[in-house]
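Step one of this worksheet: look at the structure below.
Each reported figure results from applying straightforward, stated rules to the coordinates on display, with no laboratory input. Since the structure is predicted, the reported quantities are computational estimates derived from the model, not experimental observations. With ideal geometry, Cβ positions are generated from the backbone for all residues, glycine too; neighbour counts draw on all protein chains shown.
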Amino acid sequence: QPEFNNFVDSFKKTQDHAALAFTPRVGFGEAMNAWAVAMQKMVNGDDVETTLRALAEEIRTGL
């Protein structure tokens, strides 16, 4: 189990005041979903450089 340095406690205290703020752009939702999938792959052990290169290509293709 990794050490989170009170991340969970901090998140619980601030989550009611948190919001995602951004300027909507075409493809933003798809890029965020692809990013989340890539992050999960890396957390589960996939090669970081390979995963990020594939993510960048996927996002570029989608734009």
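Consider Asp46 against the criteria (1) surrounded by 10 or more Cβ atoms within 10 Å (Cβ to Cβ); (2) not in a loop (DSSP other than H, G, I, E, B): it satisfies all of them except one. Which criterion is unmet?
Unmet condition: (2).
How about region 12-40: which of its residues are over 14 Å from Gly62 (Cβ atoms) and among the hydrophobic types (A, V, I, L, M, F, W, C)?
Ala18, Ala19, Leu20, Ala21, Phe22, Ala36, Met39, listed by residue number.
Please verify whether region 16-27 includes one or more residues that are charged (D, E, K, R), free of Cβ contacts under 8 Å to residues at least 40 places away in the same chain and surrounded by 10 or more Cβ atoms within 10 Å (Cβ to Cβ).
No, because not a single residue in region 16-27 is charged (D, E, K, R), free of Cβ contacts under 8 Å to residues at least 40 places away in the same chain and surrounded by 10 or more Cβ atoms within 10 Å (Cβ to Cβ).
Any residue in region 22-35 that is out of contact with any helix residue (DSSP H, G or I) (no Cβ under 9 Å at 6 or more places or on another chain) and among the charged types (D, E, K, R)?
No.
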